[in-house]
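These notes are about the structure you will find just below.
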Amino acid sequence: LYDQALASFDHAIEIEPTLPDIRNNRGGCLVAAGRIDDGIAEIKKSMELDPTFPWTHSHISFVYRMKGDHATSVEERARAFELLDRADQATRMRESFAKSGWTGYLREIVSQDWGRLGTSQTRRASLLTELGDKEKAIASLIEAAAKGDYWLFSIKYDPAFDPLRTDPRFQALLNKFNPPQ
């Protein structure tokens, strides 16, 4: 399935090689396929095409978080907010990370209005899981499923959800939506 999607992205790049969103999404597909470093390289190609495209910075922030590179994750997320003229939130993110580490940063992100960067309940659930709030995380995932959240497929591979994998409610979501492997 991922090979087919990647072939489609390759074809799209042949047709329109200058659109950063195509490479950004191709990078996401590589990450979902377990090829995280290849995904980062592809997302960086998207950044080269348009360094001011905020969703690329937001996306790579998520990928760096998956790799455990918290400092780079924070910086990329803050950069995305700056590109959306929300420098105050970017400053709060950096300050919360500097003062309270990764946990403080996660708390800041969960409390923020994400605005144009979206309010994905799946992404929120991953942050809540990392903070150890499994009940709120499950509730967010159930809401994500009810709303058809685009990022729901990430529950299959996002390591933040590892603490929930044995929960029957999480298993039911995996089975119900059968994300691609």
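The values are calculated or read from the model by the stated rules, or taken from the named source; none is laboratory data. What you see is a predicted model, and the numbers here were worked out from it, not measured in a lab. No Cβ is skipped: glycine too gets one built from the backbone with ideal geometry, and neighbour counts run over all protein chains shown. Calculation scope for accessible area: heavy atoms of the full protein, side chains included, ligands and nucleic acids excluded. Shrake-Rupley method; radii C 1.70, N 1.55, O 1.52, S 1.80 Å.
Worth a mention:
- Condition check for residue 162: loosely packed, with under 12 Cβ neighbours inside 10 Å, modelled with pLDDT of 90 or more and within 19 Å of residue 36 (Cβ to Cβ): yes
- Test: residue 99 is basic (Lys, Arg), more than 26 Å from residue 21 (Cβ to Cβ), open to solvent by 20 Å² or more (accessible area, probe 1.4 Å) and touching a Pro at 6+ places or on another chain (Cβ under 9 Å): no
- Filter result for residue 139 (more than 23 Å from residue 31 (Cα to Cα) and among the hydrophobic types (A, V, I, L, M, F, W, C)): yes
- Scanning region 132-158 for residues that are surrounded by 17 or more Cβ atoms within 10 Å (Cβ to Cβ) and not small (Gly, Ala, Ser) yields 138, 141, 149, 151, 152, 155, 158.
- Any helices (runs of 4 or more DSSP H) falling wholly within region 24-137 and containing at least 3 residues that are closer than 21 Å to residue 6 by Cα: 36-49, 54-67
- Residues within region 47-57 that are open to solvent by 10 Å² or more (accessible area, probe 1.4 Å) and of a type in the set (S, T, N, Q), tallied: 1
- Taken together, the residues in region 32-57 that are more than 15 Å from the chain's Cα centre (by Cα) and on the phi > 0 side of the Ramachandran plot amount to 0.
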